[in-house]
């Protein structure tokens, strides 16, 4: 009985936390509410720290854009690079853009192309679509 009660309390708190996160995310994006953005980034940071790859992806994206927080393109680049090395197709795509623009890293067509090819091989449709537009040499 005690386990059931604890489980219900935990689920209730989780549901409240998710609702709070969703409200904060909406407020951060639509109103650039600094406090809401802090809740969002703190939540993503904590989930990323324990290995939630989706949270890591979104945190890297937010850092790169400076959405409601200080922009940190170098950290964003490093996070996308790590995720790409771990097999995330969309992180590889974002990494290719970072190399192409020299955003947080060196500007390199070769590294951009390599990341784009890896993204496509890992299943990123948009990476494959971009590669289809590039003439073969």
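The values are calculated or read from the model by the stated rules, or taken from the named source; none is laboratory data. In this text, all values refer to a predicted model and were calculated from it rather than measured experimentally. Methodologically, a virtual Cβ is constructed for each residue, glycine included, from the backbone with ideal geometry; neighbour enumeration extends over all protein chains shown.
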(request) Would you tally the residues in the range 83-119 being without any contact (Cβ under 8 Å) to a residue 24 or more places away in the chain and surrounded by fewer than 22 Cβ atoms within 10 Å (Cβ to Cβ)? (result) 15
(message) Can you tell me which of (1) crowded, with 19+ Cβ neighbours inside 10 Å; (2) at pLDDT below 95; (3) more than 14 Å from the chain's Cα centre (by Cα); (4) in a helix (DSSP H, G or I) is the one residue 68 doesn't meet?
(response) (4)
(request) Please state which one of 80, 57 is assigned to a helix (DSSP H, G or I), assigned by TED's automatic domain parsing to the domain that holds residue 20, at pLDDT 90 or above and touching a helix residue (DSSP H, G or I) at 6+ places or on another chain (Cβ under 7 Å). (result) 57
